[in-house]
Amino acid sequence: MVDKRHRLGPATRWAAALAGSTLLACVREPVEDVCPAVGPGDLVITEIRGDQDGPDTWGEWVEVFNATTDVLDLRGLRVRMYRLDGGSMFDALLREYEVPVDPQEYAVIGHHDPARLPSFVDATIFTDFRGASGPRSLHPEGVIELYACNVEIDRVFYRGLPKTGTLALDGSTKPSADDNDDPERWCNDRTEPPTDGPQTQLGTPGTPGEANPPCP
């Protein structure tokens, strides 16, 4: 379940952020600062898919919702992920192309090879989210933050990603940054892939890029 009540101390957060940004600077070329025209609550984290049990080709990803009435471009958005204790921070930047998201619509930020993006993924953090031995996985329990330059747009604390399907914000109402603060508004989305065409993927995808089902 998601839990935002466990806040990290300023010193821990600052040290983790510094370590993450230092690591990022060592492995990636500097890029021009691009600040998406978004403010706090404009983007809402709505669904998280981590490592799965059994065969799976849908991969790991984070879904966000554009809660505004404007088209938002996610280029320059920073995605930070770390454990609940502040350790193992990954700091990824959407850097290389425009990622427009229509008002009241969803975008999927995937952990997928940019040369082989599936159709449901709008942007990827694959390059920044690799370790020396290969691709990493999302923390089973942790924190995900969205930043536009130095402004925090949204943050979610979660206590366990399902091994089948996704951790999804209740779809009975339009998503908001207030709603995803409430751990009771999250549940396991085990929506299966559509069956009205050829099956080319393995695993239980959840609902990437669309409204989540209501929680029980």
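Among residues of the stretch 90-105 that are open to solvent by less than 40 Å² (accessible area, probe 1.4 Å), those with a Cβ under 8 angstrom from a residue that is in a loop (DSSP other than H, G, I, E, B) and of a type in the set (Asp, Glu), sequence gap 6+ or separate chain, pair up as Phe90/Asp128; Asp91/Asp128; Ala92/Asp128; Leu93/Asp128; Val99/Asp122; Val101/Asp122.
Does Ala67 satisfy being among the small types (Gly, Ala, Ser) and crowded, with 23+ Cβ neighbours inside 10 Å? No. Residues that are more than 16 Å from Pro208 (Cβ to Cβ), among the β-branched types (Val, Ile, Thr) and more than 16 Å from the chain's Cα centre (by Cα) number at least 1 in the following strands (runs of 3 or more DSSP E) confined to the stretch 44-159: 151-159.
Annotation: of all residues in the stretch 132-143 being modelled with pLDDT under 95 and open to solvent by less than 20 Å² (accessible area, probe 1.4 Å), the one that is nearest to Ser88 (Cα to Cα) is Leu138.
Of the residues making up the stretch 144-160, those that are open to solvent by less than 30 Å² (accessible area, probe 1.4 Å) and either in contact with a Pro (Cβ under 9 Å, 6 or more places away or on another chain) or modelled with pLDDT under 95 (or both) are Ala148, Ile153, Asp154, Phe157, Tyr158, Gly160. Going through (1) closer than 16 Å to Arg49 by Cα; (2) open to solvent by 50 Å² or more (accessible area, probe 1.4 Å) one by one, Pro216 falls short only on (1).
Assess whether Thr200 counts as being surrounded by fewer than 14 Cβ atoms within 10 Å (Cβ to Cβ) and either at pLDDT below 95 or of a type in the set (Gly, Ala, Ser) (or both). Here the answer is yes, as Thr200 does meet what is asked.
Among the criteria (1) open to solvent by 60 Å² or more (accessible area, probe 1.4 Å); (2) over 23 Å from Asp170 (Cα atoms); (3) without any contact (Cβ under 8 Å) to a residue 60 or more places away in the chain, the one Arg83 does not fulfil is (3).
The values are calculated or read from the model by the stated rules, or taken from the named source; none is laboratory data. Model, not experiment: these values are computed from the prediction. Every residue, glycine among them, receives a Cβ derived from its backbone with ideal geometry; neighbour counts consider all protein chains shown. Protein only, heavy atoms only, side chains kept; ligands, DNA and RNA dropped before computing areas. Shrake-Rupley method; radii C 1.70, N 1.55, O 1.52, S 1.80 Å.
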